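Asks: Have a look at the structure that comes next, please.
Here, each number is a calculation from the coordinates, and none is a lab measurement. Please read all numbers here as calculations on a predicted model, not as lab measurements. Counting neighbours? That spans all protein chains shown, and the Cβs are built from the backbone with ideal geometry, glycine included.
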Amino acid sequence: AQSVTQPDIHITVSEGASLELRCNYSYGATPYLFWYVQSPGQGLQLLLKYFSGDTLVQGIKGFEAEFKRSQSSFNLRKPSVHWSDAAEYFCAVSSGGYQKVTFGTGTKLQVIP
Amino acid sequence: GAGVSQSPRYKVAKRGQDVALRCDPISGHVSLFWYQQALGQGPEFLTYFQNEAQLDKSGLPSDRFFAERPEGSVSTLKIQRTQQEDSAVYLCASSLQGVGEKLFFGSGTQLSVL
């Protein structure tokens with residue numbers, strides 16, 4: 001069965017600093033990988049997704065993620081964090097097909113001035 | 001509307017009551033999903049519809065949970081004889097169709113069972 005692990009429950013970074021959120025997945029074949037962001041009172045919003053091809057994918061709001069098959073990882077990065085990036089971030093995996101999506105437990109990002 | 005709409009936004013129920021949660025997906029979206037998100041957790045899959053057909057209900061936690069989408073658009077998640085452990089945010093998501101399509105989520109219904 002597919003699964004996702006986000007080892008960091010909570011991360012605090014200073015505004016302007018770089019960010020990396022970790023995600024490890026478990027799935028036998030090539031997975032479909034996603035990062036979603038959830039702001040308070042808002043629905044989940046897709047940041048980016050990986051299906052195939054270039055392992056470095058660009059998303060909205062200046063985020064990017066790199067798929068590393070050898071490490072079963074799909075870490076999310078941003079070079080310079082803005083205060084508005086404070087939110088909860090979820091990594092997710094799908095096996096394709098009808099696309100049942102399995103989410104990780106999330107990483108809550110706090111941004112300090 | 002332009003997005004996925006869920007109602008009510010908040011629901012308080014006494015233990016043992018039945019509740020019905022509504023989801024209006026984006027017009028034309030074929031796929032519809034229900035997820036349950038407990039406090040501090042990621043969304044957990046409940047069930048999936050393709051048009052009016054419920055293709056997967058493996059995530060429904062018990063036979064007290066029932067979902068329908070009779071005309072392939074609006075969906076209702078019904079919970080009978082609610083219990084305290086049912087307290088969570090229930091999220092609905094839709095997508096146009098196809099493998100790996102982007103999911104559009106509603107803001108959810110926060111259910112509190114007292």
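Asks: Which residue, A:THR107, A:GLN58, A:PHE34, has the largest displacement toward the positive end of the dipole of chain A when charges sit on each Cβ (Lys, Arg +1; Asp, Glu -1)?
Replies: A:PHE34
Asks: Average the reciprocal distances over every distinct pair of alpha-carbons in chain B, invert the result, and give the Kirkwood radius in Å. Walk me through the intermediate numbers first.
Replies: Numbers: mean 1/r = 0.0718 Å⁻¹.
After inverting the pairwise mean of 1/r, the radius is 13.9 Å.
Asks: What percent of all Cα-Cα pairs in the protein assembly as shown falls in each 10 Å bin, counting up from 0?
Replies: 8, 33, 35, 20, 5, 0
Asks: I've got another one for you. Rg to Rh for the range A:53-107: what is it, with Cα atoms only and Rh by Kirkwood? Intermediate values should be presented prior to the final figure.
Replies: Working: Rg = 12.7 Å, Rh = 12.9 Å.
Computed over Cα atoms, the ratio is 0.99.
Asks: A further question on this structure: Could you work out, residue by residue across B:103-113, how many beta carbons of other chains sit within 10 Å of that residue's beta carbon, and then give the average as an integer? Write down the numbers at each step before the final one.
Replies: On the way: counts 11, 4, 7, 2, 4, 5, 0, 0, 0, 0, 0.
Mean shielding by partner chains, rounded to a whole number: 3.
Asks: Report, in whole Å, the centroid distance computed from the Cα atoms of the range B:1-46 and the range A:1-51.
Replies: 22
Asks: What size of dipole, in debye to the nearest 20, comes out for the protein assembly as shown about its Cα centre when the only charges are +1 on Lys and Arg C-beta atoms and -1 on Asp and Glu C-beta atoms?
Replies: On the way: 20 positive and 19 negative charges, 54 e Å.
Taking the Cα centre of the protein assembly as shown as origin, the dipole is about 260 debye.
Asks: Please report, in debye to the nearest 20, how large the charge dipole of chain B is about its Cα centre when each Lys and Arg carries +1 at its beta carbon and each Asp and Glu carries -1 there. Before the final figure, lay out the partial values.
Replies: Numbers: 11 positive and 11 negative charges, 77 e Å.
The dipole magnitude comes to about 380 debye.
Asks: Across the range B:6-22, in residue order, what do the Karplus-derived ³J(HN,Hα) couplings come to in whole Hz, using 6.51 cos²θ - 1.76 cosθ + 1.60 with θ = phi - 60° and x for Gly and Pro?
Replies: With the stated coefficients, the range B:6-22 comes to 10, 9, x, 6, 10, 9, 10, 10, 7, 3, x, 6, 8, 10, 10, 10, 10 Hz.
Asks: Stokes-Einstein D for the range B:27-88 at 10 °C, 1.306 mPa s, Kirkwood Rh over Cα pairs, in µm²/s?
Replies: On the way: Rh = 12.3 Å.
Diffusion coefficient, whole number: 129 µm²/s.
Asks: Check which residues have an amide H placed less than 5 Å from B:GLU44's amide H, if you skip close sequence neighbours.
Replies: For B:GLU44, whose amide H was placed from the backbone, the distant partners under 5 Å are B:GLN36, B:GLN37, B:ALA38.
Asks: At a 10 angstrom cut-off on C-beta neighbours, averaged per residue, how do the peptides B:38-48, A:85-95 rank from highest to lowest? If you can, show how the numbers build up before the last one.
Replies: On the way: B:38-48: 17.9, A:85-95: 21.9.
Output ranking for B:38-48, A:85-95: A:85-95, B:38-48.
Asks: Given just the C-alpha atoms of the range A:25-80, how large is their convex hull per residue in cubic angstrom?
Replies: Numbers: hull volume 5.5 nm³, N = 56.
So the per-residue hull volume is 97 Å³.
Asks: Which of the aspartates and glutamates could a cross-linker span from A:LYS78 if the Cα-Cα distance has to be under 14 Å and same-chain partners fewer than 8 positions apart are dropped?
Replies: A:GLU15, A:GLU20, A:GLU64, A:GLU66
Asks: For the range A:1-97, list log₁₀ I(q)/I(0) at each q in 0.11, 0.17, 0.19 Å⁻¹, using the Debye formula over Cα point scatterers of equal strength and ignoring solvent, two decimals each.
Replies: After summing over all Cα pairs, the log10 values are -0.30, -0.73, -0.90.
Asks: For the modelled label position 7 Å from the Cα of B:LYS57 along Cα-to-Cβ, which residues of the range B:9-28 have backbone nitrogen atoms closer than 18 Å?
Replies: Under 18 Å, as judged by backbone N against the label point of B:LYS57, lie B:18-23 of the range B:9-28.
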